[in-house]
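Heads up, the thing below is written out as structure tokens.
The values are calculated or read from the model by the stated rules, or taken from the named source; none is laboratory data. All figures in this text were calculated on a predicted structure; none of them were measured in a lab. Neighbour counts run over all protein chains shown; Cβ positions are idealised from the backbone, glycine included. Surface accessibility is based on the protein's heavy atoms, side chains included, excluding ligands, DNA and RNA. Shrake-Rupley method; radii C 1.70, N 1.55, O 1.52, S 1.80 Å.
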Amino acid sequence: MSTAIGPQAVKEVPRLEDKTIQPIPLNERHGKPRDLFTIWFGSNIMIMTIVTGGLATTVFGLDFTTAVVGIILGNLIGGIFMALHSAQGPQLGVAQMIQTRGQFGSFGALLIVFIVVIMYAGFFAANLVFGGEAMAAVYPGIGVDSGIVILGVVSVIATIFGYRIIHAYAKFLSIVAGIALVVAFIWVLFVNGLPAGLLEQGSFNWAGFMGTVSVSALWQLAYAPYVSDYSRYLPQGTGSRPAFWASYSGCVLGTLFPMVLGALVGSVALTLSGDPAGADIVGDLGSQLQPLTAVIIGIFCLGVAASNAMNLYCGVLCSLTVGQTFKPDWMPKAKTRSVAAIILFAVAVSVALFARDNFILFYTNFLSFLMYVLVPWTAINLVDYYLLRHGHYRVDDFFRRDGGVYGRFNWVAIGSYIAGALIQIPFTATAVYTGPVAAAMGGVDLSWIVGLIVVAPLYYAAARVARTLGKSSEPADSPTPALVGDAA
């Protein structure tokens, strides 16, 4: 890869993206950091974000005030990790999972890639179910299954066109969905008015509070494996600080307010009915927005399609990454991406149609699973990028079968990852399993916090020792200039 970062004539990028996992040439880099704000702000204002916020007052049983505190705290913390990953995109110009080869090796990275593909498919299916239920609730004649298919098809079309259309769609939603969100708050708070006793509904409990913080933080952390996919086209001279703050502010604000709306809708519904078992955030939101339900819910469903286009797009890049690992000379383009998108779409829609009944239980357990497997990876990636290599990587070596200077397997990273996953088990509290430490604390789940605290220093120390012993490569003459210094 060229080291030049000076002014270059920017080549016109086609509307139908012809790049997939290959490095983005410097003369095709375009856009500004503010584009990162709109893609994360607009795409997060959707039904599933609202439903996730509603877990705080329905599933976790918190009062509204405590729920809001937990949502804010989780998003502020989780957003830091998400934005640190996003700032890597302009520097390296490759998708996030390709860059993971720099930590885990060309074949070692497959462990993470497979997990991330499962994550994309799960979020795609969850989005379809909640979006389909919303459409069926407000549009007569459209069933849940039909809504699932409609939203899925829109997502596939956007995925086929790729990067530019997804960014443009998110810009549109930043305005339209942002206005709809403000109207929704006004309608629930002032037009309908809050029922008496709302603030007394629910109560503080540590398990519920930490569950809310964890779910909110995970929402941000779940973007970490693909945020660079949406910043990799930015000019290489884009500073880390602008990229960080644009991503952080867009994702935190775009997530926080819909989650608070969900918590509010849940509190209102429970105050009126007093039956937690009957809580239905989508249906309750529709009831509280009358007579604007069809318009507001419809706009939030547009957000579902945007978010799912992003999930599908990144899932495709990960799938192609797997194939390219075994055939290094293969550089798939638009046609291959389109075929892969249709295949993944078919799989995810099948999951959504099969599992849509009692889906909220599946969704909460799915979120717990993601927390345990993503936390060790994000710790290793960020420590390696910012503390060990300071942004210096040999990008060309990412595409070599033998991994180049990074090898096929980096056992230091793989061992640290496995240790990070195992250390969380005693602190885990889910419907499937509760560890002994979590049980002793009354069901409070601290697993992801413990995972971060343990894995980051463990990997840092182990990598330094391995480097000293000559068992880990550090590209001293990296052709990628470090730009992370401007974030200091």
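Values for this structure:
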read-out: Considering residues of the stretch 203-242 that are open to solvent by 30 Å² or more (accessible area, probe 1.4 Å) and part of a loop (DSSP other than H, G, I, E, B) only, the residue modelled with the lowest pLDDT; value: Gly237
read-out: Criterion: touching a residue at least 40 places away in the same chain (Cβ under 8 Å) and either among the polar types (S, T, N, Q) or under 19 Å from Ala158 (Cβ atoms) (or both) - qualifying residue of Ile50, Ile24, Ile39; value: Ile39
read-out: Residue check, Val316 touching a residue at least 60 places away in the same chain (Cβ under 8 Å) and aliphatic (A, V, I, L, M); value: yes
read-out: Among (1) over 29 Å from Tyr393 (Cβ atoms); (2) among the acidic types (Asp, Glu); (3) at pLDDT below 95 - the single one Asp18 does not satisfy; value: (1)
read-out: Ser267 being hydroxyl-bearing (Ser, Thr, Tyr) and within 30 Å of Leu26 (Cβ to Cβ); value: no
read-out: Total residues in the stretch 190-202, condition assigned to a loop (DSSP other than H, G, I, E, B) and either surrounded by fewer than 17 Cβ atoms within 10 Å (Cβ to Cβ) or out of contact with any helix residue (DSSP H, G or I) (no Cβ under 6 Å at 6 or more places or on another chain) (or both); value: 7
read-out: Enumeration of residues in the stretch 396-448 that are farther than 19 Å from Ile98 by Cα, under 22 Å from the mean Cα position of the chain (by Cα) and assigned to a helix (DSSP H, G or I); value: Ile418, Gly420, Ala421, Ser447, Trp448
read-out: Failed condition for Pro195, given (1) more than 22 Å from the chain's Cα centre (by Cα); (2) free of Cβ contacts under 8 Å to residues at least 24 places away in the same chain; value: (2)
read-out: Candidates Pro291, Pro332 - the one that is open to solvent by 40 Å² or more (accessible area, probe 1.4 Å), over 17 Å from Ile166 (Cα atoms) and either in a loop (DSSP other than H, G, I, E, B) or touching a helix residue (DSSP H, G or I) at 6+ places or on another chain (Cβ under 7 Å) (or both); value: Pro291
read-out: Any chance Val94 is part of a helix (DSSP H, G or I), in contact (Cβ under 8 Å) with a residue 12 or more places away in the chain and either more than 26 Å from Trp411 (Cα to Cα) or not hydroxyl-bearing (Ser, Thr, Tyr) (or both); value: no
read-out: Filter result (at negative phi, open to solvent by 10 Å² or more (accessible area, probe 1.4 Å) and not hydrophobic (A, V, I, L, M, F, W, C)) within the stretch 126-141; value: Glu133, Tyr139, Pro140
read-out: Residue count for the stretch 80-93, restricted to those that are out of contact with any Lys or Arg (no Cβ under 6 Å at 6 or more places or on another chain) and surrounded by 24 or more Cβ atoms within 10 Å (Cβ to Cβ); value: 9
read-out: Considering residues of the stretch 105-125 that are within 13 Å of the chain's Cα centre (by Cα) and buried (at least 24 other Cβ atoms within 10 Å of the Cβ) only, the residue nearest to Arg394 (Cα to Cα); value: Val116
read-out: Any chance Ala341 is in contact with a Gly (Cβ under 7 Å, 6 or more places away or on another chain), closer than 30 Å to Asp18 by Cα, of a type in the set (A, V, I, L, M) and surrounded by 22 or more Cβ atoms within 10 Å (Cβ to Cβ); value: no
read-out: Boolean, Thr255 is within 30 Å of Ile24 (Cα to Cα), touching a residue at least 24 places away in the same chain (Cβ under 8 Å), part of a helix (DSSP H, G or I) and under 23 Å from the mean Cα position of the chain (by Cα); value: yes
read-out: Condition met for Ser368 (in contact (Cβ under 8 Å) with a residue 60 or more places away in the chain, buried (at least 19 other Cβ atoms within 10 Å of the Cβ) and in a helix (DSSP H, G or I)); value: yes
read-out: Qualifying residue in the stretch 159-169 (condition: in contact with a helix residue (DSSP H, G or I) (Cβ under 7 Å, 6 or more places away or on another chain), open to solvent by 20 Å² or more (accessible area, probe 1.4 Å) and aromatic (Phe, Trp, Tyr)); value: yes
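Okay, residues lined up against (1) open to solvent by 10 Å² or more (accessible area, probe 1.4 Å); (2) farther than 18 Å from Val117 by Cα:
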residue	(1), (2)
Tyr372	yes, no
Asn381	no, no
Leu387	yes, yes
Arg394	yes, yes
Val405	yes, yes
Arg408	yes, yes
Gly420	no, yes
Gln424	no, yes
Thr430	yes, yes
